[in-house]
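Okay, handing you the structure first.
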Amino acid sequence: MQDPNPLPWGAQDRFQAHFIVKGNTGNNDSDFVAETKLSTKGYFGSKKLIGVQWIGGKIAETLNNDHELTSMILKQPLKDASIWIDPTKDGVRIYGKWKNSNEFSISKELFAIYDRIASHIKNTL
């Protein structure tokens, strides 16, 4: 008997931009793992971002000390303020949440945030 509600197969309507900083992390992969921990106020559509803290390795300490970066992130929508940093084989990647095709974009402000994070990573490598 055929399933009346089959699972969707094939390409999904989800996208995620990854920014890669080329370099060798050596044996210090855990130093380059970080993510934002967001503090919010309000509920649902009125939810506002009121604080950003980086948690993770050594790079998180560097990013927490950059107050201009924090103020840049606080101006972003909640979905764009969620940022992760992970080491890869040949570098470190910076990325955000998955988005569908209608909402997928990188604003100049978000690109400036990723660029600032990348400069901190490059200085640490």
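Quick check: the angle from helix 108-124's long axis to the longest principal axis of the chain, C-alpha only, nearest 10 degrees?
The helix 108-124 is inclined about 50 degrees to the chain.
Taking the simple approach of a point 7 Å from Cα along Cα-to-Cβ for both residue 75 and residue 95, what is their distance in nm?
2.7 nm
Moving on. Given a 1.4 angstrom probe, what's the average accessible area per residue across the chain, in square angstrom?
Normalised by residue count, the accessible surface of the chain is 68 Å².
Taking the mean number of other Cβ atoms within 10 Å as a proxy for protection, how do you rank 59-71, 14-26, 43-55 from highest to lowest?
59-71, 14-26, 43-55
Grab the Cα-Cα distance for residue 11 and residue 64, subtract it from 0.36 nm times how many residues apart they are, and report the gain in nm with one decimal.
Roughly 15.4 nm would be gained on extension.
Dipole size in debye (nearest 20) for the range 71-125 around its Cα centre, Lys and Arg Cβ +1, Asp and Glu Cβ -1?
Result for the range 71-125 is approximately 20 debye, rounded to the nearest 20.
Could you please report the charge total around residue 64, scoring K, R as +1 and D, E as -1 over all other residues with beta-carbon less than 15 angstrom from its beta-carbon? Write down the numbers at each step before the final one.
On the way: positive: 37, 58, 116; negative: 31, 35, 61, 66, 68.
Result for the local shell: -2.
With +1 on each Lys and Arg Cβ and -1 on each Asp and Glu Cβ, and nothing else charged, work out how big the dipole of the chain is about its Cα centre, in Debye to the nearest 20.
Working: 16 positive and 14 negative charges, 63 e Å.
Here the size comes out at about 300 debye.
Compute the relative contact order of the range 13-124 as a whole-number percentage, counting only Cα pairs closer than 8 Å that sit 6 or more residues apart in sequence. Walk me through the numbers before you get to the answer.
Working: 184 pairs, mean separation 40.0, N = 112.
That works out to 36 percent.
Please report, as a whole percent, how much of the solvent-accessible surface of the chain comes from carbon and sulfur atoms (probe radius 1.4 Å).
Whole-percent figure for carbon plus sulfur exposure: 51.
Quick one: net charge around residue 99, please, counting Lys, Arg +1 and Asp, Glu -1 for every other residue with C-beta under 13 Å from its C-beta. Provide the component values of the computation, followed by the final result.
Numbers: positive: 14, 79, 97; negative: 13, 80, 103.
Net local charge, residue 99 excluded: 0.
Which entries of 47/75; 22/97; 22/79; 75/108; 22/75 have Cα-Cα distances beyond 24 Å here?
22/79; 22/75
The values are calculated or read from the model by the stated rules, or taken from the named source; none is laboratory data. These figures come from a predicted structure and were not determined experimentally. FYI the Cβ positions are ideal-geometry reconstructions off the backbone, even for glycines, and counts take in every protein chain you see. For accessibility, only protein heavy atoms count, side chains too; no ligands or nucleic acids. Shrake-Rupley method; radii C 1.70, N 1.55, O 1.52, S 1.80 Å.
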